[in-house]
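All of the numbers you see were taken from the coordinates with simple rules; none came from a lab. Predicted, not measured: the structure shown is a model, and the values here were computed from it. Heads up, the Cβs are rebuilt from the backbone with ideal geometry, glycines too, and the neighbour counts pull from every protein chain shown.
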Amino acid sequence: MNKWMISIIVLFACLAGYVFYSKVYYPELPIESITKREAVAKGEKSVYKMTKIAEENSHVWYMAQMKQGKAYDLMKEKMAKNGWSFIEQNGAGFFFEKREKTLIVTSQMWTGKYVLFSVPMESK
């Protein structure tokens, strides 16, 4: 009886360790070139800045911590540094303009803590 109980406890501890380490409890990412664990590690470093997490399908993906809407301000500041003027927000889309060109940056809440931004590569 004691051996069975110890085996079950060890098995449960291993399973809990796997779930915590792999971040399997986080929602799926909309990109394939980075794992959830890597995204969380990069996100932890993005307290008051946007962090580039991937380039995929002609888009650059950034992550920022929400921090009471601060993530949206960080994205607007980043685009302004590249010469883009903020026009308006429509849902999850942020519209920018530069030399009569329009660019749409889309955002997505990934968890309650992180926001992902998809920026077309032509923004540079």
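Summary of computed values
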{"quantity": "Efficiency of FRET between Q68 and K101 - r from beta-carbon atoms, R0 22 angstrom, step 0.05", "calculated": "0.10"}
{"quantity": "Percentage relative contact order, the stretch 30-123, counting C-alpha pairs under 8 Å, at least six apart", "calculated": "24"}
{"quantity": "Qualifying GluC sites (Glu not before Pro) in the stretch 76-109, DSSP loop, other Cβ atoms within 10 Å at most 16", "calculated": "E100"}
{"quantity": "Computed over the stretch 30-123, Cα set: Rg, Dmax in Å", "calculated": "12.7, 40"}
{"quantity": "Burial ordering of M5, M109, fewest other beta-carbon atoms within 10 Å first", "calculated": "M5, M109"}
